[in-house]
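Nothing in this text is a laboratory measurement; each read-out follows from the coordinates by a stated rule. What you see is a predicted model; the values in this text were computed from it and never measured. Cβ sites come from the backbone with ideal geometry, for glycine too, and all protein chains shown count toward neighbours.
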Amino acid sequence: MDVLIESTRSFDKDLGSLSEAEQTAAVKKLNHCANLFPTQKAEAYHQLSGLPLSSGLNGYESSLYTLKISQQLRIILAVDEDPIFGQVIFTLFRAVQHKDLDKAYQSTAESLYQELLHHNREAAQVY
């Protein structure tokens, strides 16, 4: 299984604002988690934490997770398994301080799922 790691502009900007030691720790922890995936998928998921999303996904599950880098630093990412192409894609969205995690996570979730959330709100108004 191939593991692809993609980053967003927001993540690149966040990463660039970190100290060199924090950047190194983030890259090391991400690579460790990604390297576990092909042979120890359960352990890779054990490294990740899911956070609750606001209601409105209508039974869909989010692929958003956080990865703890240090006591203060977290990475918000998505993990998408693609069995057809035999790959998993890690998409890195943000690297934030723990105190900013909830706000950054909700913002990321809303931008990713806005179409689905908007559709569900419209359907609820019809009834």
³J(HN,Hα), Karplus 6.51/-1.76/1.60, whole Hz, each residue of segment 9-16, x for Gly, Pro: 4, 4, 5, 4, 5, 4, 4, x
Residue-wise HN-Hα coupling along segment 27-44, computed from phi with Karplus coefficients 6.51, -1.76, 1.60 (Hz; x: Gly, Pro): 5, 4, 5, 4, 4, 4, 4, 5, 5, 6, 4, x, 10, 9, 4, 4, 5, 4
Lysines with Cα under 21 Å of Lys28, excluding same-chain neighbours fewer than 8 positions away: Lys13, Lys41, Lys68
Built amide H within the under 5 Å cut-off of Val88, gap 5+: Asp2, Val3, Leu4, Asp82
Net charge over other residues, Cβ less than 13 angstrom from the Cβ of Glu6 (K, R count +1; D, E count -1): -3
